[in-house]
Each structure stands twice: as C-alpha cells, then as structure tokens.
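The values are calculated or read from the model by the stated rules, or taken from the named source; none is laboratory data. Note that the structure is predicted; figures quoted are calculated from it, not measured. In this analysis, Cβ positions are derived from the backbone assuming ideal geometry, glycine residues included, and neighbour counts consider all displayed protein chains. All accessible areas refer to the heavy atoms of the entire protein, side chains included, with ligands and DNA or RNA removed. Shrake-Rupley method; radii C 1.70, N 1.55, O 1.52, S 1.80 Å.
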Amino acid sequence: MRKLRGGCWLINVTPTGAAAESFDGTMRVDRGASGCTISGDLYRRPVLTAGTPPQSVLAAPPAPDGSVPIFPIAAYVQYLRVVAIDEHSSLRGVGLKFEAWRYRPGGGWTNRGTLSAAMLWVAAPAAYPEAGHYLEGDVRSAAGAIVARMRMGWIAPRLRRATVEIDAASGCERPVDNAAGYGWAELFDALNWDGEVVLSDANVQEPPGSVWSDAALHRAMIERRDRSDLNAEWRYHLLSVSRTQSAERGVMYDNGGSDANGVPREGCALAAAWPIPAKPPWGLAQGQRFGAAAAPFFRAAVHELGHAFGLDHNAQDLGFMNTTEVIAGAGTAARPFPTNIGWSFAPGDLARLRHWPDILVRPGGAPTHFGSPESASPLLADAHAEPEGLRLQVTPLLGELPVGAPVRINIALVNDGASVQRVPARISLKTEFVSGRVTDPSRTVRRFSTLIACVEDQSMRDLAPGERFAYDLTLLRGADGALFPQSGLYTVEVEVGWPVPPVRMCVAGSTTVFVTGARDASHAAAAHRALATPDLHLVLVIGGDHLQDGIGALAQTLDDDVLRPHYAAIEAKRRGATSAPSKRRGDPRLALRTEMIMSASEAAKLAPAPAKARAARGSSKRTPGRKRPAKTSRSNDGGATA
C-alpha cells in the first residue's frame, strides 16, 4: 500500500469542459506524530493568444524541477483544505475529500463546497523527480457530478520556500543565531520550509539622529535590498538599525498605512541600539545593548519575521510570537531571561505557517488585518467572545462634514460591569486591536484596519467598573479605497479585539456621519484629488516628504477654503516631523495661521513641549486616554473629542 509522501506536490486542476481554463498550484502533505495534514493552493494558469485567426490557448504547465514552485501573486484564486484522506482504498490509489475556498482580494473567503477525488497511482511524466509518486483522478461535487480532473506529483521534501535578506546600518549587528546553537537553519527545519538567508549590505546610512521612521525604513528597503521579484520568490527583508520610531525593539512596518508601495509584508526592522533596562525583570540581559544580546535579539528578529508571515501575537507560551517583556517577566531565579525563551512557534502558529493559504503568508499577498475576516484562515479561524459588561462607544468629532475631508471618530471602552476588565492599553489604528467598516448610502461596505503592525504594542491595562478609556481615529482610506467617496449618510462600525487564548475578545460599536456635497469648483477639485490619491492617506499616517503625489494632494486641500481646516493639523504634524525628526514635534505656527479641526491626539502631538510636560504631570488625575480639548480645535459641541 502506497501512501502520499510528505512534502510538496505539484498539482493541476482542469475544470470539465473548459477549453482554456486550468489551475496549477501546490499541495502540502505534512506527516507528523499526530497524523497527516494536507492543504493546497491554486493559481490560474496564464492564457495566451496565438495562431491565425487568434485563439486563446493555455500557457505551458510549470516545470517540476525539484524545488517548491512559486506562482504569480495576482493569479491566486483558491485554497484547498483536505478534510478526509483514504489511503486504504481498494481502487489502487488515494481518496481525498476537501473544501474549496475561493479568495477575492479585499473580500475574503467563500466556501464553494466539499469536493471529492478518487486519485489513482499512474506513472509520472519524465520531468518529475519520483516516477512512483504521481496520481490522477476525477473531482466530483457533493452531488456526484464530475467537475474537474486533478493531477498531482511529488516534487520536494519541504512544504514551502522563502528567502530572508538581512541588511544592517553601519555599526549595527545582524541577527544570525542565539549564540547557543539555534539559528536560521534550525528555524526553517522546524517550519519544514526550504529557507535561505542572505547577509547583504552592512553599511546602510542612518538618518539624522539615527531614529528611523516607518517611511525611512520602507525607503531603505526599496533602495538597498537585492533585486526581488515576489512573483518568482518569497523574499522578506530584515533591516537592523540603531533605533525605530514606532516601537522600542523592532517593527513589521510594511503593512497598511505604512506600506508606501502597496506591496504588503515585505519588510521588518530591529532596533540594535535599544538599551535593555538595567533592572529586573530583564535577568541576565539587563543593561546590554540589544544587538549585543544575541538570544533576545535573534528572538526579536524571528518575531518580526513572524508578523511578515502574517502571524498575530500569541500569548499561549513563551515562544516566538509572545512579546519580549512578557517573556522577560516570566523569568525566574532558576531560569532568568533570556534563558527562559521558548525557541519555537506555538503549535497553532506552526500549523498556520505550514498550512495557511499562500496568500496570507507570502510577501506581497493579502495585507495583514489582525483579527479581521481577511486574515481568518479557512483552516484555523479563531473563536470570538464578547466580554460581559464591556461596551464600545463610538461618536464622531463632527456629525456633518464636507466631501473629501477625513472623518475623525472617537472610540471609548466603557466598563458597565461589576468586575475589572483586562483591555488593550492603547486603542488606535497603530495597534493591532482596531478594525472596522464603513457602509455608504448605496450599502457598499469598505473596510479599515491596523495601519502599522508594531512588534510589542500589545500591552494591556485594567479597566475598573464605571471607568471609560478613550482614543480617536482619523479615517480617510481603507483596503477597498476611499472610505467616504460621495455625499450622503454613512454608518461607521468599529471593532476592538484582543487575544485571550483560546478565544479572541471583541467589542463593537457604531455611529453615523453625513457627508455634504461639493460647495464650489475649488472644493470639488480638491476633494476629487484627495479621494483619488492613495498616497495622501500615507502622508496622513506616516508623514515624511518622499510621497510627492500625496503631498501635492494635501497642498491642494490646504488651498481650498472648505477643506483647509480639516487638513491643517495633518500638514502641521508633517512639517514638524520632517523638519525635526529627532524631536517629532508638530509645527504650531500653522495653528496660528488657520482654524484647525483636529482630534485630541492630534492636538497633543502639536502641543509645544512645555504644554506636553504639563499634560503629563496632570495625567494621573484623569482617566488614561482622555485629553483636554485644544483651543485650536473645534467640534460639534465646541471642543475636541477625547
């Protein structure tokens, strides 16, 4: 009796009666102590035009060259989840039953039903490395009708293939191992991936002050990485620098609002010069430079790469996807940090990296929307629960605003229950906890979610009974384009979710805003450009002076009397960040020249340093997250919303 050999199989599915339609991909056969897990992905084979008169013909099939094949990202169409396997069939073959999940970019997954295939062992074509590991068979629907022909042949012992390129700024260490025998080779062995690590440039120039914004990290990746074609190679970029602006130790910056070229999850960064605190609970590493502490530095590199693979934080153990401060805090006298680091992915994460759909793992695939339907795998969807007594209050800064303006929304976690609730310490779009959707007057739904996947931004806090914890969001664009593209009444739904294994806690709330039409030709032109320029959203999120299309659109909104008050705070922040990257203060002079509509968080960022210090001294008297209104802001009740 022959069994499916573990590793990667090249598969082809050709629908019945389709003259010029065929799908190629891979099937991952994962044999372990707990049994056999099988999953696969299908990509549409290119259709060419040839002959006289011209006719549509299929391109040549991929060559089984002994390595895991890589297919074009845009050709991705379907995920196959094998739910039953019969290797004891009397038909001299293998019986498979699988779910077929259709993927639509921005729209998530649709289960197209359960199919079955009776696969027979036949001689492999000459190009295959193993003549005896090849099958063909008919695919049948649940009703028994033949819907396709499937072919599959074993080609490689590993499940997936990827390359990690590591660059470094001058004087910054590159993570290569934990100095105790665990490095990249051991990591890829555990994943059962064919992995290659390329130690490339070691002289990347740092910005003034040696503090890297997400925009600067993305720019350095584009400029300094080796040539990369993500349609032919899964190449991830890891950059070691002195310090990063978004997070203390490292960040997977290349996602959502910080993804300047629209190709998500290519890059992440480490802060080699971060000083590990010289106090408990940092154990044996306390007082060291991060890059010189081999074990925690390498662990952080794998953690960031895990985010680039699409993984969320995971508090189930002390492994790679937990956070550094949690692992350090779990140290004991017998096993102080970093000797207590678990050098593995949690079992669920390991299954995800082996069997999640390609599009959620490969660089340039689906954006990471932690906890949203986009990242909910057909294989491993997380259970959701709503904490008792906790609600999310959602209110707009302005209930009515002109078309083309960003919409500022206040969100507040309110504890109406009788017990303390453990909730995220920050609820902004620069954390992984917040997502939502906007429904327009025609009932079209557009989503928004996390803008930057910060490595350690998973801190929690206690919310006492009767306490309210608030922050604000500025909404302009999402994964599906402009969120408020026309006049009319919109519904804004916001969800805050955080992991509490084995479930994910979620609370949601909604509000409405009314968008008015263009008031004159100048307003119409400025709104048109704002809504049609994706880079304007990136300027709003990450600032900088390198996104010329976005800066041009911003300049046109500032020239318009209607939109100027809505964008002035964004320009003030951008000027401050661009002119003084080491201090990151806004430009308060702009506030003196124009009326500014801004949220409380924007007002705080634009406040002069003495005012910020006064606010910090008085913060203990106020509920965390609530800030006093700024004099230069206005709202529908006369003050900024906290």
Label point 7 Å out from Thr16 along Cα-to-Cβ: which residues of the stretch 141-167 have amide N under 11 Å? 141-149
Just need the Rg to Rh number for the stretch 36-189, please, alpha carbons only, Kirkwood Rh. 1.06
Let me cross-check Glu571: its accessible surface, 1.4 Å probe, with only protein heavy atoms counted, in Å² to the nearest 10? 20
Nearest-0.05 FRET efficiency for Glu400 and Asn231, computed from C-beta distance (R0 41 Å): 0.35
Which residues does a label at Ser170 reach in the stretch 202-243, if reach means a backbone N under 19 Å from a point 7 Å past the Cα toward the Cβ? 202-213, 217, 220-221, 223-225, 239-243
Using DSSP to define loop residues, name the trypsin sites (Lys or Arg not before Pro) in the stretch 48-137 whose beta-carbon has at most 12 other beta-carbon atoms within 10 Å. Arg92
If we count every other residue with Cβ under 9 angstrom of Tyr43's Cβ, Lys/Arg +1 and Asp/Glu -1, where does the sum land? -1
Along the Cα-to-C-beta direction of Arg422, a point sits 7 Å from the Cα; which residues of the stretch 333-351 have their amide N less than 20 Å from that point? 341-342, 346-349
Please list 526-532, 301-307 highest first by mean number of surrounding beta-carbon atoms within 10 Å per residue. 301-307, 526-532
Simple spin-label model, 7 Å along Cα-to-Cβ: Ala33 to Ala532 in nm? 6.1
Can you work out the FRET efficiency for the pair Val445 and Glu386, with r the C-beta to C-beta distance and R0 = 30 Å, to the nearest 0.05? 0.90
With a 1.4 Å probe and all protein chains kept in place, how do Ile73, Ile166, Ile85 rank by accessible area, largest first? Ile85, Ile73, Ile166
Taking r as the C-beta separation of Ala334 and Ala59 and R0 as 56 Å, the FRET efficiency to the nearest 0.05 is 0.40
What net charge do the residues around Glu21 carry, taking every other residue with its C-beta under 13 Å from that of Glu21, with Lys and Arg at +1 and Asp and Glu at -1? +2
What is the sum of charges, Lys and Arg at +1 and Asp and Glu at -1, for the other residues whose Cβ falls under 10 Å from the Cβ of Val77? +2
